[in-house]
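The values are calculated or read from the model by the stated rules, or taken from the named source; none is laboratory data. A quick note: this is a predicted structure, and the numbers were derived from the prediction, not measured. Don't worry about glycine lacking a Cβ; one is built from the backbone with ideal geometry, like all the others, and counts go over all protein chains shown.
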Amino acid sequence: MIPISLHLERMHSEKIRFPQAKLRLTGPGIDKRECWRRNFVWQSLIYSKLKKDFHMLKAAVFSLNGEEGPHIATLRNAGFELVFKPEGSDLWREDDLIAAMAGCSAVIAGSEPYTRRVVENCPELRIIARSGVGFDAVDLEACNEKRILVTTTPGVNHHAVAEHTISLLMGVARDFPKQDQHVRSGQWIRRAFPRVMGTSLGIVGLGRIGQAVATRARGLGMNVVAYDPFANKEFATEWQIELVSLDDLYSRSDYVSLHSPSTPETVHMINRESLAKMKPGSVLINTARGSLINEIDLVASLKSGHLRGAGLDVYEVEPLPTDSPLLELDNVLLSGHIAGLDIESHNGMFGMCGEIIVALYKGQWPAAECLQNLPGVTDWTW
């Protein structure tokens, strides 16, 4: 049951319109009749809101490992009934996701796709709180039309992604998968690999994650070049990072690490042409978005030997299909979109999602860096 105090607090702070004006019941210039009228309006508003919310206040938690974390207490204490992934359902299927979302006004979302059809068939939905920084699985245009907020959790998991990036880089560099398999199969094969220290790392996208990768790479003794039209030049100077064009980065880097968002301009930025510009024997790492890479072209480059290897955490289709040609290659190190999932990031992302949902319900607009749509809106209501 929803605490009455929460409704009263929210009603007092939001008036009729979002986000914050108050309905003044008494004071200078308000006579007794007007005071009675305003009290009647006030009570009617509370009644209508209570009636609506008692029936509709449900939040779905579908992001990976969402059954535990600080968001559970945050949402339940605010009166939300929590809904988790139904057993046997596949949330990557529209019908299953729509069924699981029935009656929910909020969702802590993972990578499952919130397509136009899903959005249009969730009439109670008010906010999609994405646990992470990517939102390419959400149809923003459809959400704008339905006035559904889409938020992310920036500044929480960049260290986790950076550590995973370096792990993939080192794993490919020293051929860890095959070394492990050799020993397990009774083979004692010893061979030398190129040293990582002194090699060049090209970072595509020098935001929070790119910067975190760069500092770790510099600690390994790597030379770092970067491409980012909006790069922080002070950071680049401090860490001795050379800012270069994208073509220069491809041609000069022993390792290329992608940290760009998925936009119409960056989809398939790694393709046959860009791969051909990379150093022979170089390595590609992607912990950003699967849509950045044309996987057919990547497989061809890996098979030909032009690329020595690749470390991938994200894919064009997720989960990675069991018939993907990537699974047939022994010079590729794969993980299942887990780069941002360490314990600290898990708690930080889920905690932020829960706080955003409850604050929004109380009438507090999300911070600009968290909000991904509906810019400048002032008349939004729950």
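Return a yes/no flag: does the stretch 151-173 have any residue that is among the acidic types (D, E) and touching a Cys at 6+ places or on another chain (Cβ under 7 Å). The answer is no; no qualifying residue exists. If the condition is being buried (at least 24 other Cβ atoms within 10 Å of the Cβ) and of a type in the set (A, V, I, L, M), then the stretch 128-147 contributes I128, A129. Picking from residues in the stretch 337-382 that are surrounded by fewer than 16 Cβ atoms within 10 Å (Cβ to Cβ) and of a type in the set (S, T, Y), the one that is farthest from I148 (Cα to Cα) is T378. Can you spot a residue in the stretch 42-60 that is modelled with pLDDT of 65 or more and under 20 Å from the mean Cα position of the chain (by Cα)? There is at least one residue in the stretch 42-60 that is modelled with pLDDT of 65 or more and under 20 Å from the mean Cα position of the chain (by Cα). Exactly one residue out of A276, A192, A236 is in a loop (DSSP other than H, G, I, E, B), free of Cβ contacts under 8 Å to residues at least 40 places away in the same chain and over 21 Å from D313 (Cα atoms): that is A192. Residues of the stretch 259-273 that are in contact (Cβ under 8 Å) with a residue 40 or more places away in the chain and surrounded by 19 or more Cβ atoms within 10 Å (Cβ to Cβ): H259, S260. Exactly one residue out of V256, V299, V317 is surrounded by 22 or more Cβ atoms within 10 Å (Cβ to Cβ) and either more than 29 Å from L341 (Cβ to Cβ) or assigned by TED's automatic domain parsing to the domain that holds A226 (or both): that is V256. You will find that of T215, T165, the residue that is crowded, with 23+ Cβ neighbours inside 10 Å, within 32 Å of the chain's Cα centre (by Cα), assigned to a helix (DSSP H, G or I) and in contact (Cβ under 8 Å) with a residue 12 or more places away in the chain is T165 and no other.
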